[in-house]
């Protein structure tokens, strides 16, 4: 169906005269008349009765007019939506989010998307990185955020660094360890136990050494949970000490105290955006990755 000719027909129905309708759509009267005749020929219907005082819709023309208006409206909406998607201002964005980015850059990223790309529908899939990469391979995600050191290197993945977070030790504000001076040593950490997200042995070893443990096997992990907010809630309600990403700035979740740690702070996560190599990112996805990288500078 020729949307342009349908729009000409709508103009004729609304103006009632060929001359006025032609002027409205910026055509000569002869070209406009040919457009209406071509539409009638293609439909096999007479849409208007021509008279010296103007054009009147036939019964068939009235039916076609109603459907033409709907088609022209939908076509205009489609063109607008495509233009918005091209510019990154509309469409759907599906992001896979691992635990550390969920607790660091993602809340601010969502706020920025809502402010600057309010017509983009955003869906988040939470999980550990191996699970998220399976969804990425199945093309269920536009990209995901996580630490690529947690998975085997793959030529299938393209990556861009987002943030480098450092480890911090959080406990409840009234915790006995919060009243002690200096760094918490291995004995104190063993006494109260540690909570952490799932972590590979390769990444656990340097963290254990930085906190004073001779071997990763001595590291007193009592709780592993990939939900950092849940770990922090556990720290507020018990004597468990939680390993969490050091917050940007000085803000801490209410009710928590950050223990003094070793200097320099041990590295906790090296966050990247990951997507399928060779897959063209949508404008919304490119905007989100750039925004995440900008927000991630607060953690470097």
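The values are calculated or read from the model by the stated rules, or taken from the named source; none is laboratory data. Just so it is clear, the structure is predicted and the values come from calculations on it, not from any experiment. Note that each Cβ is placed from the backbone with ideal geometry, even for glycine, and that neighbours are counted across all protein chains shown.
Checked against (1) touching a strand residue (DSSP E or B) at 6+ places or on another chain (Cβ under 6 Å); (2) assigned to a helix (DSSP H, G or I); (3) modelled with pLDDT of 90 or more, residue 32 passes all but a single condition, namely (1). Of all residues in the range 139-175, those that are out of contact with any strand residue (DSSP E or B) (no Cβ under 8 Å at 6 or more places or on another chain), more than 20 Å from residue 253 (Cβ to Cβ) and surrounded by fewer than 16 Cβ atoms within 10 Å (Cβ to Cβ) total 4. Against the criterion of being closer than 18 Å to residue 1 by Cα and in contact (Cβ under 8 Å) with a residue 12 or more places away in the chain, residue 48 does not qualify. Highlighted here are the strands (runs of 3 or more DSSP E) found entirely within the range 157-265 that include at least 3 residues which are within 20 Å of residue 146 (Cβ to Cβ): 157-172, 241-245.
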